[in-house]
Amino acid sequence: MTQQIIIQVFGSGCPTCKKLYEQVKQAAAELKLKTEVAYITDYQKIMAAGLMALPAVTVNDKIIIAGLIPKPEKIKKLISENI
Amino acid sequence: MDFFWPIKILAETITVKILPLPAGSFLAEVVSYFIYDVIKIYLLLLIIIFIVSLIRSFLPPEKIRLVLVRKNPYWGNILAALFGIVTPFCTCSAIPLFLGFLQAGIPLGVTFSFLVASPMINEVALVMLLGLFGWRVAAIYILSGLIIAIFSGIIIGKLKMENLLADFTLGKILQPQAALAPIKFSDRLAYAKDYTFGIFKKVWFFVLLGVGVGAWIHGYVPADFLTRFAGADKWYAVPLAVIIGIPLYANAAGIIPLVSALTEKGVALGTTLAFMMAVTGLSLPEFLILKKIMKLKLILIFAGIVGAGIIFTGYLFNLIIF
C-alpha cells in the first residue's frame, strides 16, 4: 500500500477523548505507519464527518470507533484492518 | 419474598464463619449488611448493564435519529425520552448528539426530551435504586424521569427557542450509513462485555465507599435522627436537595447508598428521589459543555424547567408516600 493513510481522532477535549488520542498515536507507532494522527475538537468538522458519539476515530474517513474506548490491542486491530 | 436471599445467607456466613465475628452481635449485623449490599449491587451492575448495553448495540444514535425524524412532535417527545433510557450518556457525546438531531431536522423540543432522559435515567442509578430501595422505587424513578423529560421537551418546543442556539452551519448528513452497517451478534456481545466491565471498573470503588458509609449510618445513627431536618413536613427539604444534587454528577454510584441510609433515618422518600434526579439529570459539567452550542439563557430555561419538574415530583411523592 502506497496510499497515504489519514487517521483522525475526534473528541470534545475531555480526558477520555485525550486518552483515546494517545492510544491511537501509540497504536500507529507500533504498527509503524507513516502517518500523523490528527486530533480534532472542532464541532463543525465533527458533524461533517457524520459522527454522533464521541470519542471517535476514522481511518481514511471511515468510522472505526465511535462512542467508546476499546482496549489497546483492539485499537491496533481495527486500524490495521482498515488501512 | 426477598429475591436475594442466597446472598443474604452468603453474607452471614462470611461474617460469622470467615471473619469471624460473634453471631448476633451488633458489629456482625452491620458487617453482614455491608457485605450483602456490596455483593448484591455488584451482581446487579454486571447483569443489568450487560443487558442494557446489548439492547443499545441495536440502537446507535444514527438509527434513533432516523426513527425520530419521521414522528410527529408529541410521539417524538415520548419516543425520544424512551430512547434516552438505553442510551449511555457521556458529556463528551452531548453536543454531537444534539447537533446530529438538529441536523436531521428533529425539533428542538424532541431533542431536549432526549437530552433530559438520557443522563437522568441511567443504568447505574437504576441498579443502585433497584438494589437499595427495591423495584417499586426504581419504577417510580423511571416513570417520573420519563414524564419530566417528555414535558420539559414539549414546553421547550412550544417556547420556540431556536434563536438561542449558537450560530452553526450544520450542513448535510454525510455518512449515516457508516454506523448502520450490519453487526455480528458476537460483536454485540463483545461490545456489551467491554462496556459492562468498563463501567464496573469506574464505579466499584464508589459503591464500596458509599455502601460502607451507608452501613455505618445504618448501624450507628439513631433512627428518625433526620426527620427533624428533612421529614416530609419540611417545605424547604426538596428544593435544597435539588440544589445540593446539581454539582454531584460523577459520584451517583457512591451517593445513592448514602442516600438510602439517610432515608432510613428520616429523610422523606420524595426528597430522596428529587435529590437523585438532580444528581443525574442536572449536571454542571453538562451545562458547561452545552454552553458551546447554545446561549446561557437557553441553558437556564432548560435547567429551570427540569429543576421545577424534579421539585414538583419530590413534593408529590412526599405527599402520597408516608
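Worth a mention:
- Boolean, B:Ala81 is in contact (Cβ under 8 Å) with a residue 12 or more places away in the chain, more than 26 Å from B:Phe205 (Cα to Cα), buried (at least 18 other Cβ atoms within 10 Å of the Cβ) and away from chain A (no Cβ under 14 Å): yes
- When B:Ser113, B:Ser57 are checked against the criterion of being crowded, with 24+ Cβ neighbours inside 10 Å and among the hydroxyl-bearing types (Ser, Thr, Tyr), B:Ser113 stands alone in meeting it.
- Pick from region B:127-141, criterion in a helix (DSSP H, G or I) and surrounded by fewer than 22 Cβ atoms within 10 Å (Cβ to Cβ), ranking: nearest to the chain's Cα centre (by Cα): B:Ala138
- Extreme residue, nearest to B:Ile301 (Cα to Cα), among residues of region B:141-182 that are of a type in the set (Val, Ile, Thr) and modelled with pLDDT of 70 or more: B:Ile156
- B:Ser53 within 17 Å of B:Ile199 (Cβ to Cβ), of a type outside the set (A, V, I, L, M, F, W, C) and modelled with pLDDT of 85 or more: yes
- Single residue of region B:268-290 satisfying the filter (over 14 Å from B:Pro239 (Cβ atoms) and aliphatic (A, V, I, L, M)) that is surrounded by the fewest Cβ atoms within 10 Å (Cβ to Cβ): B:Leu288
- In region A:32-83, residue nearest to the chain's Cα centre (by Cα) [restricted to those that are assigned to a helix (DSSP H, G or I), free of Cβ contacts under 8 Å to residues at least 24 places away in the same chain and over 16 Å from B:Gly100 (Cα atoms)]: A:Leu78
So that you can scan it fast, the table gives a plain yes or no per residue for (1) closer than 26 Å to B:Leu126 by Cα; (2) of a type in the set (Val, Ile, Thr):
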{"residue": "B:Phe3", "(1), (2)": "yes, no"}
{"residue": "B:Leu10", "(1), (2)": "yes, no"}
{"residue": "B:Thr13", "(1), (2)": "no, yes"}
{"residue": "B:Val16", "(1), (2)": "no, yes"}
{"residue": "B:Pro20", "(1), (2)": "no, no"}
{"residue": "B:Ala23", "(1), (2)": "no, no"}
{"residue": "B:Leu27", "(1), (2)": "no, no"}
{"residue": "B:Ser32", "(1), (2)": "yes, no"}
{"residue": "B:Asp37", "(1), (2)": "yes, no"}
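- Failed condition for A:Gly67, given (1) in contact with a strand residue (DSSP E or B) (Cβ under 9 Å, 6 or more places away or on another chain); (2) more than 8 Å from chain B (Cβ to nearest Cβ): (2)
- Of all residues in region B:199-209 being crowded, with 16+ Cβ neighbours inside 10 Å and closer than 20 Å to A:Pro72 by Cβ, the one that is modelled with the lowest pLDDT: B:Ile199
- Counted residues, region A:45-64 - those being of a type outside the set (A, V, I, L, M, F, W, C) and facing chain B (nearest Cβ under 7 Å): 3
- Take the conditions (1) within 12 Å of another protein chain (Cβ to nearest Cβ); (2) modelled with pLDDT of 85 or more; (3) surrounded by fewer than 16 Cβ atoms within 10 Å (Cβ to Cβ); A:Gln26 misses just one of them, which is (1).
- Of all residues making up region B:56-79, the number that are among the small types (Gly, Ala, Ser) and modelled with pLDDT of 90 or more: 1
- Against the criterion of being among the aromatic types (Phe, Trp, Tyr), more than 12 Å from chain B (Cβ to nearest Cβ) and in a strand (DSSP E or B), A:Tyr21 does not qualify.
- Of the helices (runs of 4 or more DSSP H) lying entirely inside region B:225-302, those containing at least 3 residues that are farther than 20 Å from B:Arg136 by Cα are B:227-230, B:237-245, B:284-290.
The values are calculated or read from the model by the stated rules, or taken from the named source; none is laboratory data. Keep in mind the model is a prediction, meaning the values are calculated, not measured. Virtual Cβ from ideal backbone geometry, glycine too; neighbours counted across all protein chains shown.
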